[in-house]
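Student: A single structure is presented below for examination.
The values are calculated or read from the model by the stated rules, or taken from the named source; none is laboratory data. Remember, predicted model here, so these are calculated numbers, not experimental data. Every residue, glycine among them, receives a Cβ derived from its backbone with ideal geometry; neighbour counts consider all protein chains shown. Please note that ligands, DNA and RNA were not included when accessible areas were found on the heavy atoms of the full protein model with its side chains. Shrake-Rupley method; radii C 1.70, N 1.55, O 1.52, S 1.80 Å.
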Amino acid sequence: VDAFFDLWYDYGGSEGLQPVWCKQKQAVFETVQRPDYYVQANLFYIQSDWKAFSVTYLMLRSAEVIGNELVWSDPVLVNNRIKGAERFLGVCPGRGITVALDGNTERIIFPVYDNVTGVERASTIYSDDGGATWTRGMRVPELGITSKASESQIVELPNGTLRMYSRNNKNQISYADSTDKGITWGASSFDTN
């Protein structure tokens, strides 16, 4: 298993390690159904003979600017630090943000959501040490008439408050505010503007 969780096997002989292949599930290749289309097996691929137990896994990669290029790190699983008993924990689409905590520390924050309560609820994961360790923030505590909060994005307001805008099923934008840099959130409200 390599750093990207792709599977390799030494079949013997002079070739060394070779990819392990598996049939792609319901593959559509160039708009033509291809039942014989194979891809390299991966621990997270459903058709792989060897796979990880079916739960949500969150993976982090970071990049460093070297010259005129981005050089990406190998992926790192962060589940064991931030995932609770929920079966599903999703990172929201888009991107995270960074906010200043003091003169020397910056917090990296990503919005996430789960459905452990039976309703999609937004929260955050955050790191105060450049991504080495991660902590899970609290869920939006009160949804009220917004009914759910998922697929969120966070912005920092001029006064330093963080505002997490979230998807719901009421055809209006909802938001919750945090005054402690993403650890806890206020009640969900509609943005009437």
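Student: Looking for something β-branched (Val, Ile, Thr) and open to solvent by 20 Å² or more (accessible area, probe 1.4 Å) - is there at least one such residue anywhere in the stretch 122-131?
Tutor: No, that holds for no residue.
Student: Now for a different question. Which residue pairs have Cβ atoms under 7 Å apart, sit 6 or more places apart or on different chains, and have a first residue in the stretch 103-125 that is in contact (Cβ under 8 Å) with a residue 60 or more places away in the chain and assigned to a strand (DSSP E or B) and a second that is of a type in the set (S, T, N, Q) and crowded, with 23+ Cβ neighbours inside 10 Å?
Tutor: If the second residue must be of a type in the set (S, T, N, Q) and crowded, with 23+ Cβ neighbours inside 10 Å, the pairs left are Ile109/Thr124; Ala122/Ser152; Ala122/Ser166.
Student: Of all residues in the stretch 110-154, which are among the hydrophobic types (A, V, I, L, M, F, W, C) and within 18 Å of Ala187 (Cβ to Cβ)?
Tutor: Val119, Ala122, Met138, Val140, Leu143, Ile145, Ala149, Ile154
Student: Please enumerate the residues belonging to the stretch 85-120 that are of a type outside the set (S, T, N, Q), under 21 Å from Ser150 (Cα atoms) and out of contact with any strand residue (DSSP E or B) (no Cβ under 7 Å at 6 or more places or on another chain).
Tutor: Ala85, Arg87, Arg95, Val116, Gly118, Val119
Student: Is it true that some residue in the stretch 94-101 is open to solvent by 70 Å² or more (accessible area, probe 1.4 Å) and closer than 22 Å to Ile173 by Cα?
Tutor: The answer is yes, given that some residue of the stretch 94-101 is open to solvent by 70 Å² or more (accessible area, probe 1.4 Å) and closer than 22 Å to Ile173 by Cα.
Student: State all residues of the stretch 162-174 that are on the phi < 0 side of the Ramachandran plot and open to solvent by 50 Å² or more (accessible area, probe 1.4 Å); if no residue qualifies, say none.
Tutor: Listed by number, the residues that qualify are Tyr165, Arg167, Asn169, Lys170, Gln172, Ile173.
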